[in-house]
Amino acid sequence: MTQRKNSPFQTLIHRVDLCVVGGGLAGLCAAVAAARHGADVLLMQDRPMLGGNASSEVRMWVCGARGDNKRETGILEEIMLENLYRNPDRNYSVWDSVLYELAFTQERLTLLLNCSCMDCKTENGRIVSVTGWQTTTQTFHTVEAAIFADCSGDSVLAPLSGALFRYGREGTEEFGEEIAPKTADRKTMGMSCLLQAREETRPSRFIPPKWAYHYTKEDLPHRIPDMKSPYENFWYIELGGESDAIADAETVRGELLKTAYGVWDYVKNAPENRRKNRFWRLDWVGMLPGKRESRRCVGDHVMTQQDVQSGGHFDDLVAYGGWSIDDHDPAGFRSPGTPTVYHPAPSPYGIPYRCLYSKNIENLMFAGRNISVTHSALSSTRVMATCAVCGQAVGTAAALAVKEGLSPRGVYETRIRELQRLLADDDCWLPYSAREIPALTKEAALICSAPDAENLRSGVDRPTEAGENAVTVKKGEPIAYRFSQPQPVTRIRIVFDSDLNRATLPRRKVCREKNVPHNRPLHSPDFYVPKTVVRAFRLEGITPDGAVCVLAEETNNYQRLRRFAVNGVFTVIRLIPLETWGAPRCRLFAFEVQ
Ligand SMILES: Cc1cc2nc3c(=O)[nH]c(=O)nc-3n(C[C@H](O)[C@H](O)[C@H](O)COP(=O)(O)OP(=O)(O)OC[C@H]3O[C@@H](n4cnc5c(N)ncnc54)[C@H](O)[C@@H]3O)c2cc1C
């Protein structure tokens with residue numbers, strides 16, 4: 001503990017391997033991934049809860065790569081399945097608790113909430129420490145670390161450390177991006193204060209605050225709220241793209257609140273809506289604006305429109321996106337045109353590791369909407385599932401760097417294959433490649449009645465254009481690896497089918513692919529674990545003397561990726577899937593021993 005100069009408040013000193021600033025989905029996944037890979041991590045987050053724009057404070061639902069079977073897996077899918085299991089009603093308080101629990105129960109991870117990073121010490125092009133002010137304790141926290149990850153959205157560490165960053169839209173000539181404006185400007189996508197509503201059986205009235213704007217149908221071109229649509233989430237209440245996304249944020253927030261209450265006044269009180277929407281009530285209005293764009297850090301590679309549209313076939317691919325290039329008009333709600341233009345983007349496209357660490361600050365990494373991309377590429381990479389998988393890549397790389405005594409760039413130069421191997425093992429999909437299969441699995445005899453049993457060791461853990469890559473067996477039917485001679489076995493890895501398309505979830509009145517619904521129509525269905533997930537299973541090993549050992553037995557599994565440490569010598573390892581969450585048969589993508 002020390003005292004800051006000219007301050008009566010104490011400063012606590014923390015020494016860790018990785019300090020993550022910002023606890024949105026990117027920062028959370030980075031911190032958890034690094035801790036799981038053996039690094040001591042501190043996550044500094046300026047709000048009382050985690051999740052950033054996905055948290056109950058902002059309430060934006062999580063989007064990612066579009067299309068069948070493109071859903072992001074790894075830590076994000078673990079979070080989503082936990083949420084489906086624990087949050088049938090899908091309310092935001094339970095969702096907050098799922099994110100909080102992931103961080104605060106994680107070994108090696110120190111969580112500092114309500115702590116805003118506001119200072120940074122650098123030496124010879126490296127960050128030595130960062131300092132945050134914790135409002136609840138009136139304490140400064142100084143964190144010394146080998147590596148820092150800026151997942152703050154606004155890239156707070158860039159101005160503090162002197163890291164290169166970009167702001168605004170590039171001119172078309174700089175990278176040859178055809179959708180970019182002719183000349184560069186300082187415009188961005190705007191920010192939003194969202195609102196949520198619920199349908200009831202009794203009619204209700206709404207008296208708008210005196211300071212709210214008043215709108216008629218003519219004032220809302222392309223933005224007429226539709227309370228019947230499960231996709232109505234008021235994202236187009238967007239302002240600030242022509243102001244400074246950081247310096248002017250509070251002024252813009254004031255305007256957003258006038259706009260949001262004005263839009264709800266239109267929903268309830270406009271003559272054409274009064275009857276139609278009489279059963280809808282305002283449930284919540286966000287007081288914290290969610291931001292889409294501000295500073296973007298500059299890495300060894302700056303990803304562009306062309307990189308996105310050509311599929312991102314990078315040798316150092318460590319994450320992927322798949323949202324369209326959803327380029328909002330900076331004038332936002334005040335633009336008479338459509339609020340956004342959806343330029344096409346393939347799903348998936350690869351994101352290279354070189355976009356995730358700083359070009360000039362040796363030990364700075366980043367994940368989230370502030371990665372090294374142009375404005376055009378950001379228009380696609382900014383969605384939160386993409387941010388989350390980039391976060392997992394950053395955390396995994398940081399832990400690897402610490403273990404090997406390397407810089408983030410050093411990981412690129414000497415350990416990129418190892419990083420990709422670790423990510424793939426952790427169920428992160430790296431398109432265009434297959435996971436390495438352990439020699440013991442490859443060489444064993446696979447005993448399984450399914451005609452496509454070899455899919456269990458194909459190294460691809462989801463359906464792709466090449467095929468289903470899955471195996472379906474009856475409940476209770478064993479799948480086994482038999483070794484030609486007794487073998488020491490240390491680990492078993494299984495990937496169950498978590499229904500990436502969420503086709504087995506309810507579809508009536510709700511968008512079943514989202515983590516939390518936005519509005520609540522009357523009699524919304526409850527959610528549950530996807531029916532395809534194997535709920536009960538047993539793992540057995542047969543020893544050289546013929547004894548059967550139960551290595552694991554589960555009756556309430558709801559996760560997709562399951563790994564088990566084993567310690568023994570066996571002639572056979574077998575998996576017996578016993579029950580699902582509703583599907584008539586058991587489906588899985590991988591079963592491996594090593
Ligand atoms: C209205 C709106 C609609 C959107 N629509 C969608 C959508 O439908 N689906 C989707 O997936 N994405 C959507 N996006 C985009 C997406 O929400 C963002 O791009 C994404 O949240 C960025 O993730 P992040 O982790 O980088 O930042 P954030 O989610 O903003 O998280 C960063 C966290 O860092 C914290 N932080 C900031 N500064 C500091 C500091 N100095 N010290 C400590 N902590 C700090 C912040 O409080 C925040 O919690 C939308 C965005 C907005 C605003």
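Counting only residues that are within 15 Å of the ligand (Cβ to nearest atom) and within 23 Å of the chain's Cα centre (by Cα), which one in region 330-347 is nearest to residue 188 (Cα to Cα)? Ranking the qualifying residues of region 330-347, first place goes to 340.
Got at least one residue in region 4-18 being surrounded by 24 or more Cβ atoms within 10 Å (Cβ to Cβ), closer than 23 Å to residue 126 by Cβ and touching a helix residue (DSSP H, G or I) at 6+ places or on another chain (Cβ under 7 Å)?
First, the residues of region 4-18 that are surrounded by 24 or more Cβ atoms within 10 Å (Cβ to Cβ): 18.
Next, only the ones that are closer than 23 Å to residue 126 by Cβ stay: 18.
Now narrow it down to the ones that are touching a helix residue (DSSP H, G or I) at 6+ places or on another chain (Cβ under 7 Å): 18.
Yes, that holds for at least one residue.
Assess whether residue 199 counts as being within 14 Å of the ligand (Cβ to nearest atom), of a type in the set (Asp, Glu) and either closer than 23 Å to residue 61 by Cα or touching a residue at least 60 places away in the same chain (Cβ under 8 Å) (or both). So residue 199 fails the test.
Checked against (1) touching an Asp or Glu at 6+ places or on another chain (Cβ under 8 Å); (2) over 22 Å from residue 54 (Cα atoms), residue 557 passes all but condition (1). Scanning region 328-340 for residues that are of a type in the set (Ser, Thr, Tyr) and part of a strand (DSSP E or B) turns up just one, 340. The C-beta contact set for region 477-503 (first residue surrounded by fewer than 20 Cβ atoms within 10 Å (Cβ to Cβ), second residue outside any strand (DSSP E or B) and modelled with pLDDT under 95, distance under 6 angstrom, 6+ apart or interchain) comprises 502/512; 502/513.
Inside region 184-208, can you point out the residues that are among the polar types (S, T, N, Q), under 22 Å from residue 230 (Cα atoms) and out of contact with any helix residue (DSSP H, G or I) (no Cβ under 7 Å at 6 or more places or on another chain)? If the condition is that a residue be among the polar types (S, T, N, Q), under 22 Å from residue 230 (Cα atoms) and out of contact with any helix residue (DSSP H, G or I) (no Cβ under 7 Å at 6 or more places or on another chain), then 196, 201, 204 are the ones that fit.
The selection criterion, being more than 24 Å from residue 585 (Cβ to Cβ) and surrounded by fewer than 16 Cβ atoms within 10 Å (Cβ to Cβ), does not hold for residue 467.
If the condition is being surrounded by fewer than 18 Cβ atoms within 10 Å (Cβ to Cβ) and either over 17 Å from residue 580 (Cβ atoms) or free of Cβ contacts under 8 Å to residues at least 12 places away in the same chain (or both), then region 540-565 contributes 543, 544, 545, 546, 547, 548, 549, 550, 552, 563, 564, 565.
In this entry, residue 28 passes the filter for residues that are within 11 Å of the ligand (Cβ to nearest atom), assigned to a helix (DSSP H, G or I) and touching a Leu at 6+ places or on another chain (Cβ under 7 Å).
Taking the stated definitions as given, is residue 177 more than 11 Å from the ligand (Cβ to nearest atom), in a helix (DSSP H, G or I) and farther than 14 Å from residue 112 by Cβ?
On the way: more than 11 Å from the ligand (Cβ to nearest atom): yes; in a helix (DSSP H, G or I): no; farther than 14 Å from residue 112 by Cβ: yes.
No; evaluated as a whole, the condition is false for this residue.
Is it the case that some residue within region 199-222 is acidic (Asp, Glu), modelled with pLDDT of 95 or more and surrounded by 16 or more Cβ atoms within 10 Å (Cβ to Cβ)? The answer is yes; a qualifying residue exists.
Where in region 32-150 are there strands (runs of 3 or more DSSP E), lying wholly inside it, with at least 2 residues that are in contact with an Asp or Glu (Cβ under 8 Å, 6 or more places away or on another chain) and at pLDDT 95 or above? It would help to see each step written out before you state the result.
Numbers: elements: 41-44, 109-112, 115-123, 126-134, 139-150.
Fully inside region 32-150 and qualifying: 115-123, 126-134, 139-150.
For region 341-359, check the following and say yes or no: at least one residue is assigned to a strand (DSSP E or B), touching a Cys at 6+ places or on another chain (Cβ under 8 Å) and closer than 30 Å to residue 40 by Cα. Scanning region 341-359 turns up at least one residue that is assigned to a strand (DSSP E or B), touching a Cys at 6+ places or on another chain (Cβ under 8 Å) and closer than 30 Å to residue 40 by Cα. The test for being in contact with a Lys or Arg (Cβ under 8 Å, 6 or more places away or on another chain), farther than 30 Å from residue 60 by Cβ and without any contact (Cβ under 8 Å) to a residue 40 or more places away in the chain does not hold for residue 580. Could we say that residue 169 is more than 9 Å from the ligand (Cβ to nearest atom) and within 26 Å of the chain's Cα centre (by Cα) here? For residue 169, the condition - more than 9 Å from the ligand (Cβ to nearest atom) and within 26 Å of the chain's Cα centre (by Cα) - is met. Close contacts from region 30-55, counting a first residue that is touching a residue at least 12 places away in the same chain (Cβ under 8 Å) and a second that is among the acidic types (Asp, Glu) and near the ligand (Cβ under 9 Å from one of its atoms), with Cβ to Cβ under 9 Å and a gap of 6+ residues or different chains, come to 47/57; 48/57; 49/57; 51/57. Being under 30 Å from residue 510 (Cβ atoms), surrounded by 15 or more Cβ atoms within 10 Å (Cβ to Cβ) and in contact (Cβ under 8 Å) with a residue 40 or more places away in the chain: is that true of residue 253 here? Spelling it out, residue 253 is indeed under 30 Å from residue 510 (Cβ atoms), surrounded by 15 or more Cβ atoms within 10 Å (Cβ to Cβ) and in contact (Cβ under 8 Å) with a residue 40 or more places away in the chain.
Filtering region 444-461 to residues that are in a helix (DSSP H, G or I) and either within 26 Å of the chain's Cα centre (by Cα) or in contact (Cβ under 8 Å) with a residue 40 or more places away in the chain (or both) leaves 455, 456, 457. Among the residues making up region 195-216, a single one is in contact with a His (Cβ under 8 Å, 6 or more places away or on another chain) and assigned to a loop (DSSP other than H, G, I, E, B): 208. When the test is whether a residue is within 21 Å of residue 77 (Cβ to Cβ) and outside any strand (DSSP E or B), residue 506 passes it. Within region 353-373, the set of residues being within 16 Å of the ligand (Cβ to nearest atom) and under 24 Å from residue 421 (Cα atoms) comprises 355, 356, 357, 358, 364, 365, 366, 367, 368, 371, 372. Could you check region 380-402 and list, in sequence order, the residues that are part of a helix (DSSP H, G or I) and within 11 Å of residue 322 (Cα to Cα)? Scanning region 380-402 gives 380, 381, 385, 386. Of all the numbered requirements in (1) in contact (Cβ under 8 Å) with a residue 24 or more places away in the chain; (2) not in a loop (DSSP other than H, G, I, E, B), residue 368 misses one, and that requirement is (2).
Looking only at region 403-432, which residues are basic (Lys, Arg), touching a residue at least 12 places away in the same chain (Cβ under 8 Å) and part of a helix (DSSP H, G or I)?
Taking region 403-432 and keeping what is basic (Lys, Arg), we get 403, 409, 415, 417, 421.
This time we only want the ones that are touching a residue at least 12 places away in the same chain (Cβ under 8 Å), so: 403, 409, 415, 421.
Within region 403-432, 403, 409, 421 meet the criteria.
The values are calculated or read from the model by the stated rules, or taken from the named source; none is laboratory data. Bear in mind the structure is a predicted one, so any value in this text is a computation, not a measurement. Virtual Cβ from ideal backbone geometry, glycine too; neighbours counted across all protein chains shown.
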